[in-house]
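The values are calculated or read from the model by the stated rules, or taken from the named source; none is laboratory data. All values derive from a computational prediction rather than experimental measurement. For neighbour counting, all protein chains shown are included, and Cβ atoms are generated from backbone atoms with ideal geometry for every residue, glycine included. For accessibility, only protein heavy atoms count, side chains too; no ligands or nucleic acids. Shrake-Rupley method; radii C 1.70, N 1.55, O 1.52, S 1.80 Å.
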Amino acid sequence: MRYAETGFNLEVDLTRGNIERVATDPRNTELYLGGLGTNAKILWERVPPEVEPFSPDNLLIFATGLLCGTPATGCNRTIVSTISPQTRLMAFSMMGGFWAPELKYAGYDKVILRGKSPDLVYLWINNDKVEIRDASHLQGKGATETAELIRQELNEPKAQVASIGLAGENRVYFASIEQGRSSASRLGIGAVMGDKGVKAIVVRGTKDINLARPDEYMELCNEVLEYIKFRNENPIPGVMPILAGLGSPQEMKVHDEKWHTENFMWGNSRTRRRDFWNEEIAKDWMETMESMRTRLISCYNCPMTCGATISPPGRPTYMMKCFSKLTYTMAAMSDLEFGLGIAQSATEYGVDGFSAPQVMAFALELLENGILKDKDFPEMPKDNEGRFYYLLDKIVRREGIGDVLANGTYWAAKEIGKGAEEYAHNNIKKHEQLPLKLSMLNPVYFLMYCTGEKINITQIEGQFPQAPYPKREHREAFVKDWFQVPDEKFKQYFIDWEPRGENSNPYYPNVQMSCDIVDWQEKMHYIDDALGMCSGLSSFPLKPPYHMHNYPKFISSGAGIDMDEDKLTQAAKRYRTLVRAINISRGMRRKDEKPPEDHWKKRFPELEEELLDTYYKFKGWNNEGIPTKESLHELGLDYVSEDFLERGILTDGEDIPGEDASSKEAKAAKKKK
């Protein structure tokens, strides 16, 4: 018997219209856990680097985490993986809500889509009955509208629906997949779903999940609930409101936006408005939020109410959470009423709430600077807010200049030319980042920005504080009940961290400490993404209920796998390395691992080189960021090193990268001189 997982994947060949229920190998669960871990294994085996994002041979995988659907509070994440049209690298984007547990209850751990449907379809999974159904009547419909229409059509009000809007249908590079109370937004996975001709995947499940040792598992679950109650009653002092508690950043509850509005950047991630927040704005924005927020909501089996239903005047109700509350407002230099209104349209269209606002602000900056002309924007309204609605509509329909902008700022700038590349200034690996620009280099964040494979800072930062407390006595008080640390040394790292002076940024935390901190934070995110846990209860907040010490117990008692901290660390390192191997095979190298040039005003090139050199060595990678043959062997990934040797990425007997054509040409030219 399989515990926690079902032991079956649903394989759907859209080209042939073929559906198969495929048994999975339990040994892969022991080695890669589930969710992101086994997704990476499947992509490595079945999607070679020659496969393009919009190829029929690309896979789109919807995975439950190993512990999804069990009584573990907050374990509800769907991990969607594919090859991104924006970065051309592996994409993995998570969404909460109810979809993943429902898939488990239907009897499946993953849905794997391959091929392309000749017509627009949706997939209907009702326990053992699975159908590919016509969706031509849903073409052009909004994502949430589609979900409601399908539920009515099937007469299944409890069905969970993951759907795309017009942006996905038109393969917008930052199209999202929407799912009731959450969305998988980053890296353009909605575009891949649209390219495959799938409008929605609909699930209804009523089966049970087995646990290996139910009594022990429930005791652990109850301990977590007790700790959540304690943390909710005892927020962490001395940090910004969104970091004081648990859950995803509580943007739907927080009214004080002084920190975000005065520290994050406005427009095309350029303008800092240091004195923006005042009593009048605070009052207006609170009234706006209170009038539009109809209720706070949670994902499956979670008490945190991180999301909210928003009802803008004259518009349908939609779900919102996290920082998308402000992204449209700040990109347009507008107010909260505008931001909440246009976000409703963006949710129906199905676009990423981080990338889309920046793309529109980027377009208007090009217009203001004469790179784009008025003729590129026919019939565009004169008012600022109207221009953003206009651009959003053009982008999702791929009309006129919108067809270029729909590829994101990196690719749009290359196509537009005329110096437009300087305005696409907030990307990492071709992907738009949070609109944040800072003064002094932070060594920990430098490494996270450079090396994070999710290419999204909120999916690597977390359990270590973002800044030191001003007084040592406060730092000493903070660490007293900091039992979540994997090693006591992290407490001392924080105690000795000063706001200024010798033990401050950029040289403290020092290089080795920075490597330790980044590795810990990243590891926890990767474990969450394999188990299906919301990062808001584990890897993202300070002092969370799930951590390195109780996770092995959850896995052992839930899935029946013999697990301890060392084995869990090794498993997470294994599939994290496999994610990197996929990207290395697709051409990613050290030259790609850099933050936006203007992210920090004060940069330290020699220190930055040392940070990368040391971190690469720490992770078992060579100077180009390629996992070495030795480190791959230690992780049981010899099949990766064999492939790398065959492709010339590694050379036999040496853990150095194989030369690409450009480096060979450069050497030949040097010899001629």
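Overview of results
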read-out	value
Members of the range 52-68 that are closer than 20 Å to L10 by Cβ and either touching a Pro at 6+ places or on another chain (Cβ under 7 Å) or not assigned by TED's automatic domain parsing to the domain that holds K199 (or both)	C68
Check on E608, within 26 Å of the chain's Cα centre (by Cα) and not in a loop (DSSP other than H, G, I, E, B)	yes
Scope the range 612-638; condition more than 13 Å from I584 (Cβ to Cβ), part of a helix (DSSP H, G or I) and in contact (Cβ under 8 Å) with a residue 40 or more places away in the chain; matching residues	L612, T614, Y615, F618
Pick from the range 103-153, criterion aliphatic (A, V, I, L, M) and in a loop (DSSP other than H, G, I, E, B), ranking: most open to solvent (accessible area, probe 1.4 Å)	L120
Selected residue [without any contact (Cβ under 8 Å) to a residue 60 or more places away in the chain, of a type outside the set (S, T, N, Q), out of contact with any His (no Cβ under 7 Å at 6 or more places or on another chain) and in a loop (DSSP other than H, G, I, E, B)] from K382, K414	K382
Criterion: closer than 22 Å to Y300 by Cα and at pLDDT 95 or above - qualifying residue of S585, S539, S556	S539
When residues of the range 422-439 are limited to those that are of a type in the set (S, T, N, Q) and under 20 Å from the mean Cα position of the chain (by Cα), the one surrounded by the most Cβ atoms within 10 Å (Cβ to Cβ)	N426
Some residue of the range 599-617 being open to solvent by less than 70 Å² (accessible area, probe 1.4 Å), among the β-branched types (V, I, T) and modelled with pLDDT of 95 or more	yes
Hits in the range 433-463 - residues which are touching a Lys or Arg at 6+ places or on another chain (Cβ under 9 Å) and not in a helix (DSSP H, G or I)	P435, K437, L438, S439, M440, L441, E453, K454, I455, N456, I460, Q463
Identity of the residue in the range 173-190, touching a helix residue (DSSP H, G or I) at 6+ places or on another chain (Cβ under 6 Å) and over 19 Å from E153 (Cβ atoms), that ends up most open to solvent (accessible area, probe 1.4 Å)	Y173
Residue that is within 27 Å of Y3 (Cβ to Cβ), among the aliphatic types (A, V, I, L, M) and touching an Asp or Glu at 6+ places or on another chain (Cβ under 6 Å), where the choices are I125, I112	I112
Strands (runs of 3 or more DSSP E) wholly inside the range 1-92 containing at least 2 residues that are in contact with a Lys or Arg (Cβ under 7 Å, 6 or more places away or on another chain)	8-13, 60-64
E348 vs. criteria at pLDDT 95 or above, outside the structural domain of R77 (by TED's automatic domain parsing) and surrounded by fewer than 17 Cβ atoms within 10 Å (Cβ to Cβ)	no
Hey, L366 open to solvent by less than 10 Å² (accessible area, probe 1.4 Å), farther than 24 Å from A191 by Cα, aliphatic (A, V, I, L, M) and modelled with pLDDT of 95 or more or not	yes
Counted residues, the range 258-275 - those being closer than 30 Å to N76 by Cβ and either β-branched (V, I, T) or in a helix (DSSP H, G or I) (or both)	2
Selected residue (criterion: surrounded by the fewest Cβ atoms within 10 Å (Cβ to Cβ)) from residues of the range 493-510 that are touching a Phe, Trp or Tyr at 6+ places or on another chain (Cβ under 8 Å) and more than 16 Å from H474 (Cβ to Cβ)	E502
Matching residues, the range 221-261, being among the acidic types (D, E) and surrounded by 14 or more Cβ atoms within 10 Å (Cβ to Cβ)	E251, D256, E257
Within the range 255-280, tally of residues that are touching a residue at least 24 places away in the same chain (Cβ under 8 Å) and more than 20 Å from L434 (Cβ to Cβ)	1
Matching option when the condition is within 23 Å of T15 (Cβ to Cβ), touching a residue at least 40 places away in the same chain (Cβ under 8 Å), in contact with a helix residue (DSSP H, G or I) (Cβ under 6 Å, 6 or more places away or on another chain) and surrounded by fewer than 22 Cβ atoms within 10 Å (Cβ to Cβ), among P85, P49, P71	P49
Helices (runs of 4 or more DSSP H) (entirely within the range 154-254) containing at least 2 residues that are without any contact (Cβ under 8 Å) to a residue 24 or more places away in the chain	214-233, 241-244
Selection count where residues are small (G, A, S) and either exposed (fewer than 15 other Cβ atoms within 10 Å of the Cβ) or in the same structural domain as S535 (by TED's automatic domain parsing) (or both), scope the range 283-336	2
Residue in the range 244-291 that is modelled with the lowest pLDDT, counting only those that are of a type in the set (S, T, Y) and on the phi < 0 side of the Ramachandran plot	S248
Test: residue in the range 508-523 that is within 21 Å of P241 (Cα to Cα) and in the same structural domain as E608 (by TED's automatic domain parsing)	yes
Failed item in (1) within 18 Å of L166 (Cα to Cα); (2) in contact (Cβ under 8 Å) with a residue 60 or more places away in the chain, with L364 passing the rest	(1)
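Results for (1) part of a helix (DSSP H, G or I); (2) under 15 Å from G180 (Cβ atoms); (3) charged (D, E, K, R); (4) within 27 Å of the chain's Cα centre (by Cα), shown as yes or no for each residue.
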site	(1), (2), (3), (4)
W277	no, no, no, no
A282	yes, no, no, no
E287	yes, no, yes, no
Y300	no, yes, no, yes
T309	no, yes, no, yes
P316	no, yes, no, yes
L326	yes, no, no, yes
M333	no, no, no, yes
S345	yes, no, no, yes
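Yes/no matrix, rows are residues, columns are (1) closer than 22 Å to G350 by Cα; (2) open to solvent by 10 Å² or more (accessible area, probe 1.4 Å):
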{"site": "E399", "(1), (2)": "yes, yes"}
{"site": "A406", "(1), (2)": "yes, no"}
{"site": "A412", "(1), (2)": "yes, no"}
{"site": "G417", "(1), (2)": "no, yes"}
{"site": "A420", "(1), (2)": "no, no"}
{"site": "T451", "(1), (2)": "no, no"}
{"site": "Q459", "(1), (2)": "yes, yes"}
